[in-house]
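Everything on this sheet refers to the single structure shown next.
The values are calculated or read from the model by the stated rules, or taken from the named source; none is laboratory data. Note that the structure is predicted; figures quoted are calculated from it, not measured. Backbone-built Cβ (ideal geometry, glycine too); neighbour counts: all protein chains shown.
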Amino acid sequence: MVSPQQFAALQLELSVKAKNGLDFIVAASLVWAAIAGIWALPGSPSHNGFITFFVGAATLPLAWLLSKVFRTAWALPHNPLHPLGLWLNFAQLFYFPFLIFVFSTYPQHFIMTYGIITGAHFFPYAWFYKAPPFALMAGLIPVGCLVLGLRTTSATLYLIPLFVLSMLLVLAGLLWVSYRQNTQRYLLLTPSAPEPVAA
């Protein structure tokens, strides 16, 4: 039986050694910057949405490269909670049939829907990493995308990916602060653990 203190230590270890998934958030920021550039160019929503699908696929390899820069751990075999992170990441794929439906039927709403899915999938990571900024952005990003999606014209749809990009950058900063706080909490719970190396 795992005590509440031991369970908290497992969560904090994930937060500290994976640095709250900052490699993924920064990778997503770069991808959404590229997406904003695509939607700022002349082109139909269908054309821009099609390109966006391929650009979005760059998130995972970019995150892997950034994990080397930030020195984040992608594997913690001894931590039983670790596999859950992968499942939470894959969970967003189940929204893609809906995204494809929007792309094929209402292409002008594609980028709004993509932004909503991106933001909403952050919510469980607030618990997983003990990082409340994920929950905050899981609410702000979808609501902001919806408001913009209802107010923008086809010529100004680029404002939606710009908004997502700005929120991801804010999230990265908040997650860094949360990582530093969780590091101190982790060291208090596990005094024998070596202090993590800062990026």
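Residues in region 42-57 that are closer than 19 Å to Ser166 by Cα and at pLDDT below 95: how many? Outline the logic, then answer.
Of all residues in region 42-57, those closer than 19 Å to Ser166 by Cα come to 52, 55-56.
This time we only want the ones that are at pLDDT below 95, so: 56.
Selection size over region 42-57: 1.
Quick one: which residue in Thr153, Thr113, Thr105 is at pLDDT 95 or above, closer than 21 Å to Thr52 by Cβ, out of contact with any helix residue (DSSP H, G or I) (no Cβ under 7 Å at 6 or more places or on another chain) and of a type in the set (Val, Ile, Thr)?
Details: Thr153 fails: at pLDDT 95 or above; Thr113 fails: out of contact with any helix residue (DSSP H, G or I) (no Cβ under 7 Å at 6 or more places or on another chain).
Every option except Thr105 fails the conditions.
Just one of Ile116, Ile51 is touching a residue at least 24 places away in the same chain (Cβ under 8 Å) and more than 30 Å from Tyr186 (Cα to Cα); which is it? Spell out the reasoning first.
Values: Ile51 fails: touching a residue at least 24 places away in the same chain (Cβ under 8 Å).
So the residue among Ile116, Ile51 that is touching a residue at least 24 places away in the same chain (Cβ under 8 Å) and more than 30 Å from Tyr186 (Cα to Cα) is Ile116.
Yes or no, residue by residue, for (1) out of contact with any Asp or Glu (no Cβ under 6 Å at 6 or more places or on another chain); (2) assigned to a loop (DSSP other than H, G, I, E, B); (3) hydrophobic (A, V, I, L, M, F, W, C):
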residue	(1), (2), (3)
His109	yes, no, no
Gly115	yes, no, no
Lys130	yes, yes, no
Met137	yes, no, yes
Pro161	yes, no, no
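Report, ordered by the first and then the second residue, all pairs with beta carbons closer than 9 Å, sequence separation of six or more or different chains, a first member in region 153-178 that is surrounded by 15 or more Cβ atoms within 10 Å (Cβ to Cβ), and a second member that is among the β-branched types (Val, Ile, Thr) and outside any helix (DSSP H, G or I).
Hits for this filter: Tyr158/Thr152; Leu159/Thr152; Ile160/Thr152.
Only residues that are at pLDDT 85 or above and farther than 12 Å from Leu14 by Cβ: list them for region 66-87, please.
Leu66, Ser67, Lys68, Val69, Phe70, Arg71 - these are the residues of region 66-87 that are at pLDDT 85 or above and farther than 12 Å from Leu14 by Cβ.
Residues in region 65-98 that are among the charged types (D, E, K, R) and touching a Pro at 6+ places or on another chain (Cβ under 8 Å): how many? Explain how you work it out, then say what you get.
Of the residues in region 65-98, the ones among the charged types (D, E, K, R) are 68, 71.
Retained after the next criterion (residues that are touching a Pro at 6+ places or on another chain (Cβ under 8 Å)): none.
Residues meeting the conditions: 0.
Provide a single number: the residues in region 56-74 that are of a type in the set (Val, Ile, Thr) and either surrounded by 18 or more Cβ atoms within 10 Å (Cβ to Cβ) or in contact with a Leu (Cβ under 9 Å, 6 or more places away or on another chain) (or both).
2
Rundown of residues vs (1) of a type in the set (D, E, K, R); (2) under 18 Å from the mean Cα position of the chain (by Cα); (3) at pLDDT 95 or above, yes/no style:
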{"site": "Phe134", "(1), (2), (3)": "no, yes, yes"}
{"site": "Leu148", "(1), (2), (3)": "no, no, yes"}
{"site": "Leu157", "(1), (2), (3)": "no, no, yes"}
{"site": "Pro161", "(1), (2), (3)": "no, yes, yes"}
{"site": "Val164", "(1), (2), (3)": "no, yes, yes"}
{"site": "Gly173", "(1), (2), (3)": "no, yes, yes"}
{"site": "Pro196", "(1), (2), (3)": "no, no, no"}
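Which of the following residues is out of contact with any strand residue (DSSP E or B) (no Cβ under 6 Å at 6 or more places or on another chain) and either closer than 19 Å to Phe123 by Cα or surrounded by 15 or more Cβ atoms within 10 Å (Cβ to Cβ) (or both): Pro83, Pro42?
Details: Pro42 fails: either closer than 19 Å to Phe123 by Cα or surrounded by 15 or more Cβ atoms within 10 Å (Cβ to Cβ) (or both).
When all the criteria are applied, what remains is Pro83.
Out of Tyr95, Tyr125, Tyr129, which single residue is in contact with a Ser or Thr (Cβ under 7 Å, 6 or more places away or on another chain), within 28 Å of His82 (Cβ to Cβ) and among the hydroxyl-bearing types (Ser, Thr, Tyr)?
One residue alone meets the criteria, Tyr129.
Among the residues of region 90-122, count how many are surrounded by fewer than 16 Cβ atoms within 10 Å (Cβ to Cβ) and either farther than 18 Å from Gly139 by Cα or of a type in the set (S, T, N, Q) (or both).
First, pick out the residues of region 90-122 that are surrounded by fewer than 16 Cβ atoms within 10 Å (Cβ to Cβ): 90-94, 96-98, 100-101, 104-106.
Still in the running and either farther than 18 Å from Gly139 by Cα or of a type in the set (S, T, N, Q) (or both): 90, 92-94, 96-98, 100-101, 104-106.
So the answer is 12.
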